[in-house]
Amino acid sequence: MRRLALEVAVFVRSIWLQYVALFQWATINGYIAYKLLLPVTQILFFVELGVYATGRQNALYFALGNALQLTANAGIFGVIATVANERQYGTLPLLLASPANRLVTFLSRAIVNVIDGIATVVVGLVITVILFGLDLHRANLPLLGLCVVVISLTTAGLGLMFGSIGLVMRDAIILANVVYYLLLIVCGINFPVSRLPFVLQLVSYSLPLTRGVQAAREAAAGASIGQVSGLLAGELMIGLLWALGGYALFRILESWARRGGLQEAY
Amino acid sequence: MSLIRAGWRAFVITIRMRVISTWSYLSWLVFPMLFTIVGLYVLSSGGASSSRLVYGVLGGGLIGYWSVAYLDAGNSIQDERWSGTLEQIFATPTPIWVILFGKVCAGLVFGLVSFLPNAALAYFGFHAVLPALDPWKFVISLGVLTLSFFCIALTLAPLFALWRWAFSMLNGFELGVYILCGFMFPIAALASWAQGVAGVLAPTWAVRALYASTVMQGPHDFTLWWLAAIGLSVVYLAGAYFLYGLVEREARVSGELALA
Amino acid sequence: MPAIEARRLRKTYKTTRGVFRREKVERVALRGVDLAIEPGELFGVLGPNGAGKTTMTKIFTTLLLPTSGAATVLGLDAVHDQWALRRRIGFVFGGDRGLYWRLSGLDNLRYFADLYRIPPEVTRKRIPALLERLGLAGRERDRVELYSRGMKQRLHLARGLLNDPEVLFLDEPTIGLDPVGARELRVIVRELADAGKTVFLTTHYMFEADAICDRIAVIKGGEIVAEGTPSSIKKVVQDQGVVEFEVVGMPAERVAGLRGLQGVKSVAVVDHELAQVVTIHCSSPADVMTQLGLVLDGMSLEKVSSREPTLEDAYVQLIGESS
């Protein structure tokens with residue numbers, strides 16, 4: 001029992017250290033701006049746009065969609081920034097050569113970003129709810145919370161894929177930026193997926209967020225867990241597929257790198 | 001004369017650096033188009049009214065123009081800090097405002113180009129057009145808008161040199177202006193305190209005139225809007241005068257320019 | 001009138017530490033430096049990292065304001081006359097940062113020529129001449145990122161010479177260069193001084209200062225601890241000799257024994273692979289040599305030698321003494 005407690009403590013501390021390392025560049029002012037000002041402004045922009053186009057009664061629709069999309073910010077950029085940092089400080093080869101279980105290494109990197117993502121969404125939502133006086137009294141709040149957790153996990157799964165790509169592609173962060181904003185278009189954040197051309201709808205449903213956002217909107221309207229379980233299961237499945245794909249890519253790239261095939265990896 | 005040459009060279013060098021930088025294509029080409037797409041989808045949600053779609057035609061371009069015009073000079077200060085050249089250019093006999101003048105102008109050029117792909121996307125993708133364009137008023141409004149962007153960028157750019165943390169703060173301001181200056185929706189929808197803040201931002205008035213020049217229904221008071229934008233821009237420049245003095249002094253006290 | 005002068009120059013940096021409980025920290029970089037460098041001199045400032053060399057250079061090049069005291073270059077105040085001064089001085093900081101890597105060497109030079117407000121007709125002649133002089137001709141249209149470290153450093157020097165400065169500041173210019181590149185750079189710097197330019201050079205390599213400088217100041221902890229020609233600095237250890245030997249395993253009490261010998265000033269033990277190199281500074285090497293056997297009875301000494309002190313010995317003693 002004591003041993004378990006000790007291991008948990010070590011794990012928690014390593015996550016905390018990872019978090020500090022992730023934002024070591026930031027002063028407290030910079031951190032607040034980055035974690036608060038940018039996300040909230042982004043939500044406000046789309047909510048105001050949506051309210052102008054479709055009426056104030058739809059504010060919650062836009063607030064939820066855009067707040068949840070922010071998990072992708074933490075998931076995608078967090079993982080990719082970790083890899084980029086390791087490259088910059090020259091610790092990437094150490095990571096690849098370390099005998100530690102690489103899945104654990106990999107996941108501990110993702111978990112920091114999941115926690116970060118959840119925090120971002122909660123803060124973003126709370127501020128938007130207050131600013132727009134949104135009505136959540138019918139909402140199934142525990143279920144909404146569950147949706148937030150699920151989406152944070154699934155977008156981090158997508159992030160793992162980009163983390164792997166980041167191993168070989170110096171400019172992966174650019175790709176991540178484009179994908180991040182593409183999610184705004186294809187995942188039903190600001191308008192229903194059904195309005196997209198058919199091909200893009202296929203893309204929508206192969207990405208995280210799409211089903212999760214739908215489930216969250218239903219939870220906010222008072223749905224029970226039974227009504228959205230299908231959506232959430234699908235969301236988790238997609239996230240898992242992306243994470244597995246990312247891990248597989250990681251292993252392939254790692255073995256290439258060790259055979260000296262990937263100079264770029266270092 | 002030699003100062004004009006120095007500013008011109010800073011302009012040319014900035015353009016060349018931007019042409020070979022992948023990031024710069026994101027900021028003036030890719031991001032604005034993504035915003036345009038979302039904007040047009042949302043604006044066409046509640047039954048397409050052409051006066052609303054106008055915001056989709058020009059909104060993405062405005063966003064692109066603003067982010068490039070405003071952030072490029074600041075970002076390039078940040079780049080110069082990373083590459084260690086910030087200190088070098090600071091130590092030359094050319095005042096830093098001359099160099100930033102050149103950099104900001106380079107941003108304006110890229111930003112103006114940003115309108116074209118977005119308008120094309122709106123036309124071909126969503127059949128959205130500017131219903132009643134008054135070319136002269138449009139061009140003058142765009143000129144006034146350019147002046148206001150120029151003055152804000154030139155005024156705020158030295159803050160990037162002075163405070164590294166300003167980077168994220170000033171990035172937030174970039175997004176805030178999308179909302180406050182009515183780039184993609186009129187500010188009449190905003191809370192009254194927000195409208196108050198918007199009123200002291202020069203682009204608000206220029207953007208208002210710009211959109212007014214594309215639709216018939218009035219009432220329009222172009223002269224007032226133009227004068228408001230120009231007047232505010234001049235006030236910013238006065239502030240810039242003090243900021244540059246502060247930066248020249250503070251940078252030499254703290255040695256911040258050298259830090260990466 | 002000296003070309004470069006500092007009077008009671010002090011610089012204190014104020015920084016804040018900590019995230020939540022802000023704590024103001026003051027760090028003193030220069031504590032009252034006095035210097036006078038004559039026109040045409042090649043003056044070396046020698047000191048360990050963090051001694052204040054870079055701070056001093058930056059104050060003279062108008063990049064930093066001193067907290068108190070005066071700094072003048074060519075009779076111009078480095079605090080208030082910065083615009084006039086910047087036109088007449090050049091500076092090069094070591095390392096390969098500070099260039100636009102994605103532009104060609106030529107573009108880098110043209111850009112800075114305009115920032116230094118040099119008339120175009122002058123630039124047109126001067127850039128090719130500098131490229132030729134610094135061995136960059138033929139590569140000027142390549143991007144800087146393709147240059148070797150040595151080439152980058154020579155490009156830095158070309159940039160520093162664009163305005164044909166009367167005074168040139170070089171802050172650790174050979175840092176990170178390979179021995180050949182460093183020697184080439186030293187030759188060029190010496191030639192510049194011979195051609196009449198005043199050169200202010202900082203370094204932490206004693207042999208570099210010894211090889212090319214007319215005069216040297218040794219700086220430590222923001223203070224000048226010695227100043228003079230290389231040979232006058234060596235006088236610090238003039239009446240001393242050095243005994244060196246290698247030994248495997250050097251117990252502390254034996255070191256103490258050596259220190260106790262008559263005429264021994266200092267004993268330094270440095271690990272070298274599996275053995276230790278012992279360096280003894282003393283007034284009479286011959287006496288120490290004869291007593292070694294007594295103190296180190298039973299130990300096998302290798303490569304025992306005695307030699308004249310070098311500038312490095314003087315430097316080590318100066319830096320060690322004031323700590």
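Tabulated data
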| read-out | value |
| --- | --- |
| Enumeration of residues in the stretch C:221-253 that are assigned to a loop (DSSP other than H, G, I, E, B) and either crowded, with 20+ Cβ neighbours inside 10 Å or in contact with a strand residue (DSSP E or B) (Cβ under 9 Å, 6 or more places away or on another chain) (or both) | C:Gly221, C:Gly222, C:Thr229, C:Gln240, C:Val248, C:Gly249, C:Met250 |
| Qualifying residue in the stretch B:39-62 (condition: touching a Lys or Arg at 6+ places or on another chain (Cβ under 9 Å), in a helix (DSSP H, G or I) and of a type in the set (A, V, I, L, M, F, W, C)) | yes |
| Residue in the stretch B:87-94 that is modelled with pLDDT under 85 and either at the interface with chain C (Cβ under 10 Å from one of its Cβ atoms) or not in a helix (DSSP H, G or I) (or both) present | no |
| Test: residue in the stretch B:139-155 that is within 12 Å of another protein chain (Cβ to nearest Cβ) and in contact with a helix residue (DSSP H, G or I) (Cβ under 8 Å, 6 or more places away or on another chain) | no |
| Residue, farthest from C:Arg87 (Cα to Cα), within the stretch C:136-167, restricted to residues that are surrounded by fewer than 19 Cβ atoms within 10 Å (Cβ to Cβ) and hydrophobic (A, V, I, L, M, F, W, C) | C:Leu146 |
| Count - residues of the stretch C:134-191 that are within 20 Å of B:Ile13 (Cα to Cα) and not in a loop (DSSP other than H, G, I, E, B) | 10 |
| Strands (runs of 3 or more DSSP E) fully within the stretch C:29-94 counting 1 or more residues that are touching a residue at least 12 places away in the same chain (Cβ under 8 Å) and within 10 Å of chain B (Cβ to nearest Cβ) | C:89-93 |
| C:Leu46 being buried (at least 19 other Cβ atoms within 10 Å of the Cβ), at pLDDT below 95, under 20 Å from the mean Cα position of the chain (by Cα) and outside the structural domain of C:Ile175 (by TED's automatic domain parsing) | no |
| Matching option when the condition is at the interface with another protein chain (Cβ under 10 Å from one of its Cβ atoms), over 30 Å from C:Trp83 (Cβ atoms) and of a type outside the set (Asp, Glu), among B:Val12, B:Val19, B:Val68, B:Val42 | B:Val42 |
| C:Arg259 being charged (D, E, K, R), crowded, with 16+ Cβ neighbours inside 10 Å and at pLDDT 80 or above | no |
| Criterion violated by B:Gly255 - all others in (1) within 14 Å of chain C (Cβ to nearest Cβ); (2) touching a residue at least 60 places away in the same chain (Cβ under 8 Å) satisfied | (2) |
| Evaluation of C:Thr72 against (1) more than 30 Å from C:Arg27 (Cα to Cα); (2) crowded, with 17+ Cβ neighbours inside 10 Å (one fails), failing number | (1) |
| Residue count for the stretch C:114-131, restricted to those that are within 27 Å of the chain's Cα centre (by Cα) and either among the hydrophobic types (A, V, I, L, M, F, W, C) or more than 19 Å from B:Ala6 (Cβ to Cβ) (or both) | 2 |
| Any hit, the stretch C:140-147, residues being away from chain B (no Cβ under 11 Å), on the phi > 0 side of the Ramachandran plot, charged (D, E, K, R) and out of contact with any Pro (no Cβ under 9 Å at 6 or more places or on another chain) | no |
| Tally of residues being in contact with a Phe, Trp or Tyr (Cβ under 8 Å, 6 or more places away or on another chain), buried (at least 20 other Cβ atoms within 10 Å of the Cβ) and not aliphatic (A, V, I, L, M) across the stretch C:87-106 | 4 |
| Of all residues making up the stretch C:113-132, the number that are farther than 19 Å from C:Arg86 by Cα and without any contact (Cβ under 8 Å) to a residue 24 or more places away in the chain | 6 |
| Single unsatisfied condition, B:Val30 versus (1) at pLDDT 85 or above; (2) facing another protein chain (nearest Cβ under 9 Å); (3) within 30 Å of C:Phe169 (Cα to Cα) | (3) |
| Checking B:Leu40 against (1) crowded, with 22+ Cβ neighbours inside 10 Å; (2) under 16 Å from the mean Cα position of the chain (by Cα), the condition it does not meet | (2) |
| Those residues of the stretch A:37-59 which are crowded, with 21+ Cβ neighbours inside 10 Å and more than 8 Å from chain B (Cβ to nearest Cβ), in sequence order | A:Pro39, A:Val40, A:Ile43, A:Val47, A:Ala59 |
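The values are calculated or read from the model by the stated rules, or taken from the named source; none is laboratory data. Remember, predicted model here, so these are calculated numbers, not experimental data. Note: ideal-geometry Cβ built from the backbone for every residue, glycine included; neighbour counts use all protein chains shown.
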